[in-house]
Amino acid sequence: MKMIVGLGNVGTRYDETRHNTGFMVVEQLARDYHLGAFKHAKNIEAVVVSGMIDGQKVMLVKPTTFMNDSGRAVKPLMDYYDIPLEDMVVVNDDLDMPVGKVRLKTHGKSGGHNGLKSIIHYIGTDKFNRVKLGIDHPAHGTVVSHVLGKFSKDERPQFNEAVITAEHALEDWVHGENFAELMNDYN
């Protein structure tokens, strides 16, 4: 089984915010493949939905721990379902890329992203696949207000295209394409 973890914050006040980019990508996958509603995982702080994507078993995950403690949900899911690192991808926002840009990575530090930092801490390595979507730096104001803010009307079409690109990359990975090779195609 493949596990795709979308990072974000729980609660309606965070819906559609830049920091919930990962949630938006896995929600789009669930809609496009008619996987149903996300449901609470038993004894794990996450909501999940499982099903088939073109013949492959996939579990989509949204941690309910809030962004800064995402690893607390990811590690128990990996352990319970015996998911090896190479069968997991984390989808997250990235301040260092412009809106609309998508980048795949096979490993690396957190880059200051607290959700990634938490996952690295809990699973004990930074060697896991990631799909990062750009949210850009704030033109003015604080980083916190920027990441917890919504995309502007002008940014939204670029972001929507990035979600489609991320979804295609994830579909290719689910179909068995090597993640490192996908980096060449998508980066």
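The values are calculated or read from the model by the stated rules, or taken from the named source; none is laboratory data. Just so it is clear, the structure is predicted and the values come from calculations on it, not from any experiment. Quick reminder, even Gly has a Cβ in these numbers, built from the backbone with ideal geometry, and neighbours come from all protein chains shown. Calculation scope for accessible area: heavy atoms of the full protein, side chains included, ligands and nucleic acids excluded. Shrake-Rupley method; radii C 1.70, N 1.55, O 1.52, S 1.80 Å.
Quick one: is K62 outside any helix (DSSP H, G or I), open to solvent by 20 Å² or more (accessible area, probe 1.4 Å) and closer than 27 Å to G176 by Cβ?
In short, yes.
For M78, all conditions in the list (1) surrounded by fewer than 18 Cβ atoms within 10 Å (Cβ to Cβ); (2) over 20 Å from Q28 (Cα atoms); (3) in contact (Cβ under 8 Å) with a residue 40 or more places away in the chain; (4) not basic (K, R) hold save one; what is the number of the exception?
(1)
Under 8 Å between Cβ atoms, at least 6 apart or on separate chains: pull out the pairs that start in region 146-174 with a residue that is closer than 17 Å to G8 by Cα and end on any residue that is among the small types (G, A, S).
Sorted first by the residue in region 146-174, then by its partner, the pairs are F159/G100; A162/G100; A162/G134.
Filter region 4-56 down to the residues that are charged (D, E, K, R) and closer than 20 Å to E155 by Cα, then identify the one that is surrounded by the most Cβ atoms within 10 Å (Cβ to Cβ).
Restricting to residues being charged (D, E, K, R) and closer than 20 Å to E155 by Cα, the top hit is R18.
Over 19 Å from M59 (Cα atoms) and aliphatic (A, V, I, L, M): does that describe A169?
Criteria not met by A169.
For N9, state whether it is touching a Ser or Thr at 6+ places or on another chain (Cβ under 8 Å) and either β-branched (V, I, T) or part of a loop (DSSP other than H, G, I, E, B) (or both).
Details: touching a Ser or Thr at 6+ places or on another chain (Cβ under 8 Å): yes; either β-branched (V, I, T) or part of a loop (DSSP other than H, G, I, E, B) (or both): yes.
When the stated conditions are applied, N9 passes them.
Are there strands (runs of 3 or more DSSP E) fully within region 83-187 with at least 3 residues that are loosely packed, with under 13 Cβ neighbours inside 10 Å and at pLDDT below 95? List them.
Counting at least 3 such residues, we get no strands (runs of 3 or more DSSP E) at all.
How about region 108-125: which of its residues are touching an Asp or Glu at 6+ places or on another chain (Cβ under 9 Å) and at positive phi?
G108, G111, G112
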